[in-house]
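Asker: One structure coming up, written as structure tokens, with questions to follow.
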Amino acid sequence: QPHRTHLSFKASDLTYRLTSHPKPKPANPEECAFGSHYTDHMLSVKWDEENGWGIPCIKPLENLSLHPATSVFHYAIELFEGMKAFHTEDNRIAMFRPMENMKRMYMSAERSCLPTFDQKELLDCISELVRVDQDWVPRSNKASLYIRPTMIGTEPSLGVQRSLSALLYCILSPVGPYFKTGTLNPVSLLADPKYIRAAEGGAGAYKLGSNYGPTISIQHEAEKQGFQQVLWLYGDNQQLTEVGTMNVFVFWINDHGDKELVTASLDRGLILPGVIRSSLLELAKQWGEFKVTEGVITMEDIILKLQENRILEIFGTGTACVVCPVERIRYMGKDYHIPTMENGPYVAKKYYKQLTDIQYGKVQHEWSHTV
Ligand code: PMP
């Protein structure tokens, strides 16, 4: 039997079963907590080894019914994406660089032995879902519609093996602002070298559910100790890799006395290749005001440069918050104050504005994809 994963479903085949009972929309979407509300419809496509992809359909959001042996429940054969649609100032509904998410989802599917698909066809199906539920896209420049494409292995078997059937679906959720006060609120981080998020040769560069489950107890531990996020370190030299579910950036004065923006490099597969990360790198390179480097950042570097007042800003980046400043790191029983806020934060603020201006259509940019 040939492996038919090279074939794809097509947006032109979409079928529709629309709800006759639309739900009330949240009165104040700016107050919606992440993942607390869902729209009326979902996209759904089935796949199996024998028949390949089925017909994609948009239908009322409904529960799944799966055999208790289904592979997603036992071996976490699951992947997902996270992206957003915005109501723009010029009255469009737009996504931010959605093909980047499609590409990453394709890579996650390959890594999981789940079926691949035509990335543009999937984006067209998701865009159509967003159009069907367009009244759920908050008309606010403080809120957005979070888009969660997902794929699960649906093989009803306990064998630790490739799933011979799968379900791809997408759900939508209106979300309020990450920073409720409107300014970039800084976070404090717990950096405990006992734990790592990913390892060389592992799957940390892919957006698989199995990368996230084991982080929750560490995140919980950080919260119990009064920190908002975990700073994920790696290796004997304790390299900074990611902040919670964000990529990490440091703006510092390097050994040549020059200002430099540094982020962990992707080459060893330790880091999720964030869409905001790559956007910020591109903008910073175009901007040309300081050196931009993908490399290794160690805790020793941070501590040394802090003593010499050479750390200007540390911040995380991701779809949820765009940029998130860091004000404190607890490492080996010591608290280190990071002067991000005292320094503007110049770089964090600049990119927060540039990227949100593109997302909400205040400026025209090729990264804004009209739905
Ligand atoms: N790292 C991790 C571990 C993440 O889960 C995310 C969120 N997808 C990111 C970084 C940021 O990626 P993006 O900029 O694509 O949201």
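Asker: Using only Cα atoms, locate the centre of segment 323-371 and the centre of segment 125-173, then give the distance between them in Å, rounded to an integer.
Answerer: 27 Å
Asker: Decide, for the chain, between rounded, prolate and oblate: order the square roots of the alpha carbon gyration tensor eigenvalues as a ≥ b ≥ c, take rounded if a/c falls under 1.5, and otherwise choose prolate if a/b is larger than b/c, else oblate. List each step's numbers first, then the result.
Answerer: On the way: a/c = 1.93, a/b = 1.44, b/c = 1.34.
Prolate.
Asker: Would you mind checking the pairs LYS10/LYS285; LYS194/LYS353; LYS59/LYS207 and listing those with alpha carbons more than 32 angstrom apart?
Answerer: Working: LYS10/LYS285 37 Å; LYS194/LYS353 36 Å; LYS59/LYS207 25 Å.
Over 32 Å Cα-Cα: LYS10/LYS285; LYS194/LYS353.
Asker: Return the calculated 222 nm mean residue ellipticity for the chain, to the nearest 500 deg cm²/dmol, obtained by summing -39500 (n - 2.57) across DSSP H runs with n ≥ 4 and dividing by the residue count.
Answerer: Mean residue ellipticity at 222 nm (helix-derived): -6500 deg cm²/dmol.
Asker: Still on this structure: Please state the relative contact order of segment 124-245 as a whole percent: Cα pairs under 8 Å, 6+ residues apart? Intermediate results must be reported in sequence, preceding the final value.
Answerer: Values: 138 pairs, mean separation 23.3, N = 122.
Relative contact order comes out at 19 percent.
Asker: Another question, then. Report in % the part of the accessible area of the chain that belongs to carbon and sulfur, leaving out ligands and nucleic acids; probe 1.4 Å. Mind dumping the intermediate values first?
Answerer: Working: 8430 of 16820 Å².
On the chain, the fraction of accessible area on carbon and sulfur atoms equals 50 percent.
Asker: Could you grab the relative contact order for the chain? Cα pairs under 8 Å, six or more apart, rounded to a whole percent. Working shown, then result.
Answerer: On the way: 798 pairs, mean separation 66.9, N = 371.
Result for the chain is 18 percent.
Asker: Points 7 angstrom from Cα along the Cβ direction at GLU50 and ASN309: gap in nanometres?
Answerer: 7.4 nm
Asker: Any chance you could check the Cα centroid distance between segment 187-205 and segment 254-312 for me, in angstrom?
Answerer: 18 Å
Asker: Segment 23-107: which GluC sites (Glu not before Pro) are DSSP loop and have at most 15 other beta-carbon atoms within 10 angstrom?
Answerer: Details: sites: GLU30, GLU31, GLU49, GLU50, GLU62, GLU78, GLU81, GLU89, GLU100; in loops: GLU49, GLU50, GLU62, GLU81, GLU89.
When the GluC sites (Glu not before Pro) of segment 23-107 are filtered for loop state and at most 15 Cβ neighbours within 10 Å, GLU50, GLU62, GLU89 remain.
Asker: Next up: For segment 227-331, just say rounded, prolate or oblate: build the C-alpha gyration tensor, square-root its eigenvalues into a ≥ b ≥ c, call rounded for a/c under 1.5, and beyond that prolate if a/b exceeds b/c, oblate if not. Provide the component values of the computation, followed by the final result.
Answerer: Values: a/c = 1.36, a/b = 1.02, b/c = 1.33.
Since a/c stays below 1.5, the shape of segment 227-331 is classed as rounded.
Asker: How high is the FRET efficiency between HIS74 and LYS259 when r is their beta carbon distance and R₀ equals 41 Å, given to the nearest 0.05? All intermediate terms of the calculation are to be shown ahead of the outcome.
Answerer: Working: r = 50 Å, r/R0 = 1.22.
Once rounded, the FRET efficiency stands at 0.25.
Asker: How charged is the neighbourhood of LYS23? Take every other residue with its Cβ under 12 Å from the Cβ of LYS23, and add Lys/Arg as +1 and Asp/Glu as -1. Kindly include the intermediate steps, with their values, before the conclusion.
Answerer: Details: positive: LYS25; negative: ASP40, ASP133, ASP135.
So the environment of LYS23 carries a net charge of -2.
Asker: Between SER140 and HIS67, with labels modelled 7 Å along Cα→Cβ, what's the label distance in nm to one decimal, could you check?
Answerer: The two pseudo-label positions are separated by 4.5 nm.
Asker: Cut-off 10 angstrom, C-alpha nodes, Gaussian network model of the chain. Which of GLY274, GLY318, GLY344 fluctuates the most?
Answerer: Comparing GLY274, GLY318, GLY344 in the GNM, the peak value goes to GLY344.
Asker: Now a separate question. Starting from the Cα gyration tensor of segment 106-232, take the square roots of the eigenvalues, sort them a ≥ b ≥ c, and report rounded, prolate or oblate (rounded when a/c is under 1.5, otherwise prolate if a/b is larger than b/c, else oblate). Mind dumping the intermediate values first?
Answerer: On the way: a/c = 2.51, a/b = 1.09, b/c = 2.30.
Judged from the Cα gyration tensor, segment 106-232 comes out oblate (a/c at least 1.5, b/c at or above a/b).
The values are calculated or read from the model by the stated rules, or taken from the named source; none is laboratory data. Note that the structure is a prediction, hence the values are computed from the model and not measured. Using ideal geometry, Cβ is built from the backbone for each residue, glycine included, and neighbour counts are taken over all protein chains shown. Accessible surface is based on the protein model in full, side chains and every heavy atom, while ligands, DNA and RNA are left aside. Shrake-Rupley method; radii C 1.70, N 1.55, O 1.52, S 1.80 Å.
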